[in-house]
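The values are calculated or read from the model by the stated rules, or taken from the named source; none is laboratory data. None of these values were measured; they are calculated from a predicted model. Neighbour counts run over all protein chains shown; Cβ positions are idealised from the backbone, glycine included. We work out accessible area using only protein heavy atoms, side chains counted, and drop any ligands, DNA or RNA first. Shrake-Rupley method; radii C 1.70, N 1.55, O 1.52, S 1.80 Å.
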Amino acid sequence: MVTIKRNLPGIARPSQRSVVLIMVLAVLTILLLLAVSFSIFTRAERTITRNYVDEVRAKFLARSGIERALNELTRTSFAGLSDASANWLYWGEDLNRNNFLDAGEDQNGNGKLDILTCPLELALRPSFAAVKPDNSLKYKKIKNKKTGFSDALESKYENEGDLYSLKIIDSSSQIYINGSGAGVENLLNNLGEILGLGKNMGQKIIVGRTQKGGRFTSKAEITEIIGKETYKKIAPYLTVYNWTNSK
């Protein structure tokens, strides 16, 4: 007995249906991957755009803070500049401006009152501290710490969300590290001893300055000489800027 197999028109064999199903699944997988990739790309684009806008806003906000400080100082009389209670002074952690560590002022948690050495982001009373209508200081909670600021603007995230803080220091009260003579070295030695950084701080800095051509263009250059941690402690008391009366 002879059996004859024929494929009827329009009817696919099981093996053909399996191949078609695999191809359909492959196409659907590719389309799904494309859709997911497009979604991720779109989300990333939105994030990048938002970050760029925030960066631009931050730069202009910082610049406006500098312009405000210059304008305020220009309008302030010489007597106002020398006033110990002037609002341009930077008090750091010293909220009450009494040179004592009071309750709630130890922002660094080191048990000491940090004024010039207090980081700007932790300052309770920055320069030109923002005040309420009743003249009490304004604060923002940043990283779970109460922090003062100089001024704030409305942002897309919260009311007064865009803020800036100012730190103004009178350079005439700082040690000019490009100065000549043994006096500069002695001042730096005494400063290092007072801050607990050693007795030869001045000698190290002067020797390092000589190796750098006899002049620092930025006080941050002494980081290579004394180390980063020591620099953080001593930097608020130093300057590379000096005014000389040419007459």
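Observations, loosely collected:
- Accessible-area composition of the chain, carbon plus sulfur, in percent [1.4 Å probe]: 57 percent
- Global geometry of the range 118-207, whether rounded, prolate or oblate, following the gyration tensor of its Cα atoms and the 1.5 cut on a/c: prolate
- Above-threshold pairs, the threshold being 23 Å between Cα atoms, out of Lys145/Lys232; Lys112/Lys219; Lys199/Lys219; Lys112/Lys212; Lys59/Lys228: Lys112/Lys219; Lys112/Lys212; Lys59/Lys228
- Under the span-like rule (Cα at least 15 Å along the axis, Kyte-Doolittle mean at least 0.5), DSSP H helices of the chain: 14-75
- Both radii are taken from the alpha-carbon atoms of the chain; with Rh as the Kirkwood radius, Rg/Rh is 1.37.
- Fully extending the segment from Ile194 to Phe41, taken as 0.36 nm per residue of separation minus the present Cα-Cα distance, adds 49.4 nm.
- Other residues within the sphere of radius under 12 Å centred on the Cβ of Ala123, judged by their own Cβ, net out at 0 (K and R +1, D and E -1).
- Cα gyration tensor category, rounded, prolate or oblate, for the range 128-174 with a/c compared to 1.5: prolate
- Each pair of Cα atoms in the range 16-155 enters the Kirkwood radius, and Stokes-Einstein at 10 °C and 1.306 mPa s then converts it into a translational diffusion coefficient of 81 µm²/s.
- Subtracting the Cα-Cα distance of Tyr176 and Leu70 from 0.36 nm times their residue separation leaves 35.9 nm of extension gain.
- Rg and Dmax of the range 106-145, Cα atoms only, in Å: 11.2, 33
- Beta bridges from DSSP with both residues in the chain: antiparallel share about 85 percent, rounded to the nearest 5.
- Each Lys and Arg adds +1 at its Cβ and each Asp and Glu adds -1 at its Cβ; summed about the Cα centre, the range 15-153 shows a dipole of about 700 debye.
- Surface accessible to a 1.4 Å probe, per residue, for the residues of the range 153-247, Å²: 64 Å²
- The range 188-247: C-alpha gyration tensor shape, a/c 1.5 cut-off, then a/b vs b/c: prolate
- Its DSSP H runs of at least 4 residues, each contributing -39,500 (n - 2.57), put the calculated 222 nm mean residue ellipticity of the chain at -13500 deg cm²/dmol, to the nearest 500.
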